[in-house]
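Heads up: the structure comes next, in structure tokens.
The values are calculated or read from the model by the stated rules, or taken from the named source; none is laboratory data. Since the model is a prediction, treat every value here as computed from it, not as a measurement. Note that each Cβ is placed from the backbone with ideal geometry, even for glycine, and that neighbours are counted across all protein chains shown. Surface accessibility is based on the protein's heavy atoms, side chains included, excluding ligands, DNA and RNA. Shrake-Rupley method; radii C 1.70, N 1.55, O 1.52, S 1.80 Å.
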Amino acid sequence: MNKKICGWVKESDTLYVNYHNNEWGKPIHDDNELFELFCLETQRSGLSWLTVLKKREGYRGVFENFDLKNVASYTKDDVERIFESNLVIKSRPKIEAIINNAKLFLEIQKEFGSIDNYFWSKVNHKTIVNDVVDYKLACTKSEISDSLTKELKKRGFKFIGSVILYSFMQACGMVNDHENHCFCK
């Protein structure tokens, strides 16, 4: 018996199916995993998630598995090294944004105790489960993602917006937007 999955998943792409079935929407509470996902979401600005997902291993390699403290210490030489690696999306501003955001996440850790606590406090530490009949009709942003965007922009975060942050919230399990028929719901 085939399990029904969300309609947005390109079923011909096993990477995409595996991501949907095993990762998307599952609650993440590890700071480095949240940092990685946040960084990858910012990289998709103007691109499909599948494009970024296919480069995830490259990002993990050049950003030392998204070790927050190491990434926060990167210099212009590191930006050049990463840009020239051809393992990531070739955009200096997006690479620089990851480093900038890492420094700001260190401040958030000091202020809130963890990145996990910072983000999950926005949803009272519980996943919001939405009624999604058809992914084409689902929200792409919310009051929470709007508010989070304003807050993070004020802190100096780069390559973010309400749609990107809502997508992050879906991916890390803060919001469950699996379609109602999906076995992951």
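Quick notes on this one:
- Whole-percent P(r), the chain, all Cα pairs, 10 Å bins from 0: 9, 37, 36, 16, 2, 0.
- Subtracting the Cα-Cα distance of N180 and R92 from their residue separation scaled by 0.36 nm leaves 27.7 nm.
- Restriction of the chymotrypsin sites (Phe, Trp or Tyr not before Pro) in region 132-185 to DSSP coil positions whose beta-carbon has at most 13 other beta-carbons within 10 angstrom yields F183.
- Accessible surface, region 53-185, averaged per residue in Å² (probe 1.4 Å): 51 Å²
- With the whole protein complex present, K126 retains an accessible surface near 140 Å², based on a 1.4 Å probe.
- Ligands, DNA and RNA aside, I28 has an accessible area near 30 Å² when probed at 1.4 Å.
- Nearest-ten-degree value, helix 162-171 long axis tilted from longest Cα axis of the chain: 70 degrees
- The fraction of accessible area contributed by carbon and sulfur in region 119-185 is 52 percent, rounded to a whole number (1.4 Å probe; ligands and nucleic acids excluded).
- Overall form of region 1-103 per C-alpha gyration tensor (a/c, 1.5; a/b vs b/c): prolate
- Compactness of region 61-169 was expressed as the Cα radius of gyration divided by 2.2 N^0.38 Å, which yields 1.21.
- Rounded FRET efficiency, nearest 0.05, which uses the C-beta distance separating S121 from D146 and R0 of 25 Å: 0.95
- Note on K55: aspartates and glutamates with a C-alpha under 15 Å away, same-chain residues under 8 apart excluded, are D13, E36, E41, E64, E84.
- For the set K103/K185; K90/K110; K4/K54; K54/K103; K3/K69, the pairs lying more than 29 angstrom apart at their alpha carbons are K103/K185; K90/K110; K3/K69.
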